[in-house]
1. Can you run down the residue pairs with Cβ atoms below 8 Å, 6 or more apart or on separate chains, where the first is in region 91-102 and without any contact (Cβ under 8 Å) to a residue 60 or more places away in the chain and the partner is part of a loop (DSSP other than H, G, I, E, B) and open to solvent by 30 Å² or more (accessible area, probe 1.4 Å)?
2. Among the residues of region 90-120, what is the count of those that are within 15 Å of the chain's Cα centre (by Cα) and under 18 Å from residue 46 (Cα atoms)?
3. What number of residues in region 32-74 are modelled with pLDDT under 70 and touching a strand residue (DSSP E or B) at 6+ places or on another chain (Cβ under 8 Å)?
4. Quick one: which of 131, 123 is among the aromatic types (Phe, Trp, Tyr), open to solvent by 30 Å² or more (accessible area, probe 1.4 Å), at pLDDT 95 or above and outside any helix (DSSP H, G or I)?
5. Need the failing condition index for residue 88 against (1) without any contact (Cβ under 8 Å) to a residue 40 or more places away in the chain; (2) open to solvent by 50 Å² or more (accessible area, probe 1.4 Å), just the number.
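The values are calculated or read from the model by the stated rules, or taken from the named source; none is laboratory data. Just so you know, these numbers come straight off a predicted model, no measurement behind them. When we count neighbours, we look across all protein chains shown, and the Cβ atoms used for this are built from the backbone with ideal geometry, even at glycine. For the accessible areas, the whole protein counts, side chains as well, though only heavy atoms, and no ligand, DNA or RNA atoms are used. Shrake-Rupley method; radii C 1.70, N 1.55, O 1.52, S 1.80 Å.
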Amino acid sequence: MPGDTFHVVGVREHPAGMRVVCTIEDGKASGISTGAGDADPPGRSPVVPDLNSGDLFRQTAAARGSWVLPFRWAVVGTVDPSVADVSVSYGGATRQAVVKHGWFVASGVLRRQVTVAPRIKGYDAAGKLVYDSDQDKYWARTLP
């Protein structure tokens, strides 16, 4: 975010599915958010983006309609053990996510304002597409 503000994301390996996001502004932590995903809800997809991580990939109140660029973004979520690779496309660039301990995280730098959320794709070990956020009814494609 503009100024001396950034976000820190922490995840737990055991038990899986726990995450913490906090805002560091002027050297002080605020806006601490925690979450835990249900390990096996019915119909769960193999890749589950954290629906509350929008602060990591969009500017809202700080930008007031016009983004301050460049902007470092990130997106996080959980993955099933069958998922070997996750890619995230955002602002015209595609990044390979780090996939480890049941989590994925990808980041990059935007150099232009965007109106569409990151597109996330997950692949199994054979390279078969097993998840596409464009097909996920829970992932909002457009940014507010």
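1. 91/111; 91/112; 92/112
2. 13
3. 7
4. Exactly one residue qualifies, and that residue is 123.
5. Of everything listed in (1) without any contact (Cβ under 8 Å) to a residue 40 or more places away in the chain; (2) open to solvent by 50 Å² or more (accessible area, probe 1.4 Å), residue 88 misses just condition (2).
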